[in-house]
Amino acid sequence: QNRGTLTTSRTVYEYSDRYKFSRLVIDDCLVFDSHFESGNLLSAKRIHDEERPDRFYQEYDLELHPDVHCKTGLSQWFYFSVSSSCSFPSQDVKVKFNIVNFSKPNSLYNFGMKPLYCNSNDGRWKRIGDQIRYFPSKLHCRQERSGEKQYYTLSFVFYMNRSDDVHYFAAGFPYTYNHLQQYLYKLELNPSRAIYLQRELLCNTLSGNRCDLLTITNQSS
């Protein structure tokens, strides 16, 4: 990433903020969140280029939570939301997101794949993004045995033109634990399917969630 010599960064979101205090952000700054099921944004920093100020352009460096119970810092997916703290100008605001701590050295984002997007007013997921790039990051992670681990950056541009929406971004179509539980519950309530389905508790996960054992068979035989 080529940035000017007068480029500065300011943290505008950390996951732990919710449990400590409300972080103060400037009026035109985006408000980030991942305190919802499967959200995994760890932090966001706004990048300021004093040499090229532009009220219609914003840039953010984002870091993701590594996968749970993963000692190697693996992270290759994302799910977070943004909203605006004020009314946007009449012109679309160009927002550049740089997710800086991906694990894999290459990605389908280099071969035409785009991030998924959904807003609170529409509710439908679709592929979006311009100027999509996936490249080595300046960020490294210290490994106990193998030394430093190289991270990689996914960069893409999104044009925001509605300040009253909550905008969601994800690597894949979100399918949460609650989605699964609701689906299994509906199967049990469906008489035509329940006769072939037996659901029982196999165990609880490390997080305390229910892990089901499903037996699909003709109960009468």
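The values are calculated or read from the model by the stated rules, or taken from the named source; none is laboratory data. Fair warning: this is a prediction, and the values are worked out from it, not measured in the lab. Cβ placement follows ideal geometry from the backbone for every residue including glycine, while neighbour counts extend to all protein chains displayed. These area figures cover heavy atoms from the full protein model, side chains too; ligands, DNA and RNA do not enter into them. Shrake-Rupley method; radii C 1.70, N 1.55, O 1.52, S 1.80 Å.
In the set (1) modelled with pLDDT of 95 or more; (2) open to solvent by less than 50 Å² (accessible area, probe 1.4 Å); (3) out of contact with any Asp or Glu (no Cβ under 7 Å at 6 or more places or on another chain), ASP130 fails one condition alone, (2). Of all residues in segment 134-149, those that are open to solvent by less than 90 Å² (accessible area, probe 1.4 Å), within 22 Å of LYS96 (Cβ to Cβ) and either modelled with pLDDT of 75 or more or hydroxyl-bearing (Ser, Thr, Tyr) (or both) total 4. Across segment 169-221, the number of residues qualifying as part of a loop (DSSP other than H, G, I, E, B), open to solvent by 80 Å² or more (accessible area, probe 1.4 Å) and over 29 Å from LEU62 (Cα atoms) comes to 5.
This table checks each residue for (1) modelled with pLDDT of 90 or more; (2) surrounded by fewer than 16 Cβ atoms within 10 Å (Cβ to Cβ); (3) hydroxyl-bearing (Ser, Thr, Tyr); (4) not in a strand (DSSP E or B).
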| position | (1), (2), (3), (4) |
| --- | --- |
| GLU59 | yes, no, no, no |
| HIS69 | no, yes, no, yes |
| SER75 | no, no, yes, yes |
| PHE80 | yes, no, no, no |
| SER83 | no, no, yes, no |
| LYS94 | yes, no, no, no |
| ASN98 | yes, no, no, no |
| ASN106 | yes, yes, no, yes |
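Look at (1) within 30 Å of ASN98 (Cβ to Cβ); (2) open to solvent by less than 80 Å² (accessible area, probe 1.4 Å); (3) modelled with pLDDT of 90 or more and you find that TYR159 fails only one, number (2). Being within 20 Å of PRO136 (Cα to Cα), in a strand (DSSP E or B) and modelled with pLDDT of 90 or more is a condition met by no residue of segment 5-28. Candidates are the residues of segment 205-219 that are hydrophobic (A, V, I, L, M, F, W, C) and modelled with pLDDT of 90 or more; the one that is nearest to the chain's Cα centre (by Cα) is CYS211.
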